[in-house]
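Let me begin by presenting the structure, written as structure tokens, before commenting on it.
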Amino acid sequence: MISWNRYKWPIISILVVVVVLSIMLTVGFSIGILSDAPDGLERVLEDGGVSEPEPFWVPLLSWIKNEYIAGTIGILLSLSVIGGLFYVITKFKQSRTPNQ
């Protein structure tokens with residue numbers, strides 16, 4: 001018989017990651033269909049001279065002219081930094097646990 005209590009937290013964490021990634025993809029795809037005619041607070045900011053902020057990857061990836069490629073490279077860099085951080089945390093935790 002399978003002990004479901006052993007797999008409870010890994011399954012929950014996988015489901016949470018899938019849901020969060022789905023929400024991020026949904027927001028990312030819906031940004032492209034937003035209106036070019038702003039209203040409300042966005043219009044007030046544009047009339048006041050406040051412009052769109054510079055994308056966060058411009059200082060690092062300014063040599064890339066295509067925004068989609070720069071965004072993809074930025075995502076890959078972010079994933080590698082996050083993966084490296086989790087790898088270091090895992091190795092640190094393994095070194096601090098006593099051997100059994």
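Worth a mention:
- Of the residues L25, L21, L41, the single one that is among the aliphatic types (A, V, I, L, M) and at pLDDT below 75 is L41.
- Of all residues in region 50-80, those satisfying the criterion of being surrounded by fewer than 10 Cβ atoms within 10 Å (Cβ to Cβ) and at pLDDT 80 or above are K65, N66, Y68.
- Residue list for region 61-88, restricted to those being part of a helix (DSSP H, G or I) and of a type in the set (S, T, Y): Y68, T72, S78, S80, Y87
- Qualifying positions in region 89-99 - among the polar types (S, T, N, Q) and either exposed (fewer than 10 other Cβ atoms within 10 Å of the Cβ) or in a loop (DSSP other than H, G, I, E, B) (or both): Q94, S95, T97, N99
The values are calculated or read from the model by the stated rules, or taken from the named source; none is laboratory data. None of the values given here were measured: they were computed from a predicted structure. Every residue, glycine as well, gets a Cβ built from its backbone with ideal geometry; the counts of neighbours run over all protein chains shown.
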